[in-house]
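Note sheet for the following structure.
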Amino acid sequence: MLARTCINKALEGNMAALRLCMERILPPQKSRPVSIKIPKIDGPGTILSSMQAVVHSVADGETAPDDAHTLMGLLELTRRAQEHVDFEGRLALLEEKMG
């Protein structure tokens, strides 16, 4: 009975009721796995290559821009982590040389 009332209100032009009906018929799409071939990440150069692979995938229409944005965020976090590890290594070498 409640569903029928909502449908009738939507048919009468009630936008809130229409939105409610549409959200039930076509719920918002949830995230899904994305498959892009990227090189094994083992340093700054391969992170850049991976980012370029994501850009090419969007340009070729194989990946949605929103999905690419998420992937780029993951790659950026990876880059920052790698940068931190590299910095710690360089700092340890300097400390060792300083005695």
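I'd like the orientation of helix 2-11 relative to the chain: the angle between its Cα long axis and the longest Cα principal axis, in ° from 0 to 90, rounded to 10.
90
In a solvent-free Debye calculation with one equal scatterer on each Cα, what is log10 I(q)/I(0) for the chain at q = 0.12, 0.14 Å⁻¹, listed in the order of the q values?
Taken in order of the listed q values, log10 I(q)/I(0) reads -0.64, -0.71.
For residue 72, what charge total do you get from the other residues with a beta carbon under 14 Å from its beta carbon, if Lys and Arg give +1 and Asp and Glu give -1?
-1
Which of 59, 17, 68 moves most in a GNM of the chain, Cα contacts under 10 Å?
The residue with the greatest mean-square fluctuation here is 17.
If the chain between residue 85 and residue 36 were fully stretched, how many nm would it gain, using 0.36 nm times the residue separation less the Cα-Cα distance?
15.0 nm
Let me check against my output: what whole-number percent is the relative contact order of the chain, with C-alpha pairs under 8 Å and at least 6 apart?
16
Suppose each label sits 7 Å from its Cα in the direction of the beta carbon; what would the residue 49-residue 70 distance come out to in nanometres?
Taking the two extended label points, one gets 2.6 nm.
For the chain, modelled as a Gaussian network with Cα springs under 10 Å, which listed residue fluctuates most, 53, 16, 64?
Looking only at 53, 16, 64, the largest GNM fluctuation is found for 16.
No lab work stands behind these numbers, since they all come straight from the coordinates. The structure presented is a predicted model; accordingly, all values stated were derived computationally and were not measured. Reconstructed Cβ throughout: ideal geometry from the backbone, glycine too, with neighbour counts over all protein chains shown.
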